[in-house]
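Visitor: Structure provided below as structure tokens; questions to follow.
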Amino acid sequence: MAAVPMDRTRLERRVTTPILTRAQVVALTHAPEADVRRWTTGPNPAVQRAPRSGWTPFTVNFAGLLEADLLHMLTDMPHLGPRKASGVMRAIRQDHGPLALIEHPGLFTDGKDVFLLDGGVFTRVRDSQGAFAEVLERYTRRLVVRDGRVQEYRPDRLPIASVNPAFNGGGLSLMSNRTPVSAVAGMLLAGETPQSVALDYDLDVSEVQAVERDLEWAWQASAA
């Protein structure tokens, strides 16, 4: 039976609900903590936030995670400073909506022009002239795209795991069976062996060992 496409209202609700703490975003994107806090603060933040009912440690939604990762990359570009990079991110959201980086995974910017990725070739939207965009590879390789939309964010440091708002409340989880990375990391930190953890969660031992190799980071990226 064919899958039923998710309507836009449901999609927007899913990807704009806060699911990550600032600390988790710092670990996942490798952006400085001070930058993430600045990007997510104020009446017109560079990284979007959804309204929250009551206090919660979760600040950043899935769309915001993608924005933070791309913003961190833009800030690192030689011809862009932090203020200009933040302006670029706000402009993308203003021109293409809050779901821009989700609904248009091939839409990118170098801070001067917007480019569309089509068939492996980057084309400048303004005048349709080809452009090299190798600097964007670091961002695009973290995205899992299905049906033309970004469905998951896969961090470089643990590519067998992903952030998917449809699973585990949006927390980082192993892609094989959606076991929360925080559960695996917590058991390892408590002294359990990789073999016993793998048995408890029906995982391959190699998956648990991958978490163990970068245990401190895995805990920071997944634990609220």
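The values are calculated or read from the model by the stated rules, or taken from the named source; none is laboratory data. What you are looking at is a predicted structure, and each value in this text was computed from that prediction instead of being measured. Every residue, glycine among them, receives a Cβ derived from its backbone with ideal geometry; neighbour counts consider all protein chains shown. Calculation scope for accessible area: heavy atoms of the full protein, side chains included, ligands and nucleic acids excluded. Shrake-Rupley method; radii C 1.70, N 1.55, O 1.52, S 1.80 Å.
Visitor: Of all residues in region 189-206, count the ones that are open to solvent by 30 Å² or more (accessible area, probe 1.4 Å), in contact (Cβ under 8 Å) with a residue 24 or more places away in the chain and in contact with a helix residue (DSSP H, G or I) (Cβ under 8 Å, 6 or more places away or on another chain).
Guide: Of the residues in that region, 3 qualify.
Visitor: Before we move on, is VAL184 within 30 Å of ARG13 (Cα to Cα), over 18 Å from the mean Cα position of the chain (by Cα) and open to solvent by less than 70 Å² (accessible area, probe 1.4 Å)? Break it down into steps so the answer makes sense when it comes.
Guide: Details: within 30 Å of ARG13 (Cα to Cα): yes; over 18 Å from the mean Cα position of the chain (by Cα): yes; open to solvent by less than 70 Å² (accessible area, probe 1.4 Å): yes.
When the stated conditions are applied, VAL184 passes them.
Visitor: Exactly one of these conditions fails for ARG49: (1) touching a residue at least 40 places away in the same chain (Cβ under 8 Å); (2) in contact with a strand residue (DSSP E or B) (Cβ under 9 Å, 6 or more places away or on another chain); (3) among the basic types (Lys, Arg). Give me its number.
Guide: (1)
Visitor: I'd like the full set of residues that are in a strand (DSSP E or B) and under 13 Å from LEU203 (Cβ atoms), limited to region 157-187.
Guide: Keep residues of region 157-187 that are in a strand (DSSP E or B), which gives 161-163, 173-174, 180.
The answer is ALA161, SER173, LEU174, PRO180.
Visitor: Across region 119-166, which residue is modelled with the highest pLDDT among those that are aromatic (Phe, Trp, Tyr) and under 17 Å from GLY64 (Cα atoms)? Break it down into steps so the answer makes sense when it comes.
Guide: Within region 119-166, the subset aromatic (Phe, Trp, Tyr) is 122, 132, 139, 153.
Among the residues that remain, those that are also under 17 Å from GLY64 (Cα atoms) are: 139, 153.
Values: TYR139: 84, TYR153: 97.
This residue is TYR153.
Visitor: Filtering region 143-181 down to residues that are in contact (Cβ under 8 Å) with a residue 24 or more places away in the chain and charged (D, E, K, R), which residue is surrounded by the fewest Cβ atoms within 10 Å (Cβ to Cβ)?
Guide: ASP147
Visitor: Being modelled with pLDDT of 90 or more and among the polar types (S, T, N, Q) is the filter; apply it to region 59-76 and report the residue that is nearest to GLU137 (Cα to Cα).
Guide: ASN61
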